[in-house]
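Below is one structure, written out as structure tokens; comments come after it.
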Amino acid sequence: MSSPRYIIVWQERFERELQAIQANAERVDESIAAIEWALSCNPEYGIQLRPGSRVWAMPTIETPFLPPLIVYYTFDDNHVYLESVRVTASGLG
């Protein structure tokens with residue numbers, strides 16, 4: 001497994017949205033931690049929203065215990081910026 005190379009930065013909007021989701025769902029931290037690990041190793045692991053877009057998306061794996069989430073993020077040579085997180089009907093949306 002790769003060791004982390006990128007520093008994860010939570011933007012204010014992401015933090016606010018995550019707090020609202022956590023108020024209504026358990027174990028969200030585990031899903032976010034998994035996304036952080038994957039993106040810290042390779043931010044291109046997610047899905048670029050459209051060619052040339054700076055915004056990428058990473059859906060969580062759906063489980064019976066968690067709502068499906070999608071994390072929107074941007075990145076540069078050293079950092080991954082978690083911009084937004086949403087509960088979705090199923091994966092990307």
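Descriptive notes on the structure:
- Shape category assigned to the stretch 29-93 from the gyration tensor of Cα positions, a/c cut at 1.5: oblate
- Virtual spin-label span in nm between residue 55 and residue 16, 7 Å along Cα→Cβ: 1.5
- Near residue 75, the amide H atoms lying under 5 Å from its own belong to 81; only residues 5 or more places off or on other chains count, and H is placed 1.01 Å from N.
- Most fluctuating residue given options 17, 44, 30, as computed from a GNM of the chain linking Cα atoms under 10 Å: 30
- Helical content of the chain, expressed as a calculated mean residue ellipticity at 222 nm, amounts to -8500 deg cm²/dmol (DSSP H runs of 4 or more residues, -39,500 (n - 2.57) each, divided by residue number, nearest 500).
- Label zone at residue 63 (point 7 Å along Cα-to-Cβ), backbone N below 16 Å, the stretch 33-57: 33-38
- Annotation: peptides 63-69, 51-57, ranked by per-residue average of other Cβ atoms within 10 Å with the highest first, follow the order 63-69, 51-57.
- Between residue 45 and residue 33, the modelled labels are 1.5 nm apart [label points 7 Å from Cα along Cα→Cβ].
- Total formal charge among the other residues, if their Cβ is under 15 angstrom from that of residue 58, Lys/Arg +1 and Asp/Glu -1: -4
- Sum of side-chain charges, residue 81 neighbourhood, beta-carbon under 13 Å (Lys, Arg +1; Asp, Glu -1): -4
- Taken about its Cα centre, the stretch 7-87 carries a charge dipole of roughly 280 debye when the Cβ of each Lys and Arg holds +1 and the Cβ of each Asp and Glu holds -1.
Laboratory data are not the source of any read-out in this text; all were calculated from the coordinates shown. The structure presented is a predicted model; accordingly, all values stated were derived computationally and were not measured. All Cβ positions, glycine included, derive from the backbone under ideal geometry; neighbour counts span all protein chains shown.
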